[in-house]
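Written below as structure tokens is the structure these notes are about.
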Amino acid sequence: MKARIVITLKPTVKDAQGATIEKALHSLGFSRVKGVRIGKYVEMTVSDSDANALRVQVDEMCQKLLTNPIIEDYRFELEDGK
């Protein structure tokens, strides 16, 4: 199975990188761009066919290693590799 994880800063956390990119986009003429937020994307293949067990494992991976739960939110989806 494949797990696709999207990690973003919580809405209350200032995104300095996003602000820098927004400013750069404006300087390139993309003045309609507003509220740029930068995140992370993680994709992994896991040898487990039990989707429920895999959901628990991916959630645990996110909480223990892949994210900083104080400042980041995450969501994920699972895809059967068949």
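Does residue 38 satisfy the criteria of being aliphatic (A, V, I, L, M), under 29 Å from residue 79 (Cβ atoms) and in contact with a Cys (Cβ under 9 Å, 6 or more places away or on another chain)? Judged against the criteria, residue 38 is not a match. Being more than 16 Å from residue 74 (Cβ to Cβ) and either out of contact with any helix residue (DSSP H, G or I) (no Cβ under 6 Å at 6 or more places or on another chain) or in a strand (DSSP E or B) (or both) is not true of residue 5.
Picking from residues in region 31-50 that are surrounded by 11 or more Cβ atoms within 10 Å (Cβ to Cβ) and not charged (D, E, K, R), the one that is farthest from residue 8 (Cα to Cα) is 49.
Residues in region 15-64 that are of a type in the set (A, V, I, L, M) and either in contact (Cβ under 8 Å) with a residue 12 or more places away in the chain or in contact with a strand residue (DSSP E or B) (Cβ under 9 Å, 6 or more places away or on another chain) (or both): 19, 21, 36, 38, 42, 44, 46, 51, 54, 58, 61.
Taking region 1-30 as the range and being exposed (fewer than 14 other Cβ atoms within 10 Å of the Cβ), among the basic types (Lys, Arg) and closer than 18 Å to residue 67 by Cβ as the test, the residues that pass are 10, 14.
Read-outs throughout are calculated quantities, based only on the coordinates presented, and are distinct from any laboratory measurement. Keep in mind that this is a model prediction, so the values were computed, not measured. Reconstructed Cβ throughout: ideal geometry from the backbone, glycine too, with neighbour counts over all protein chains shown.
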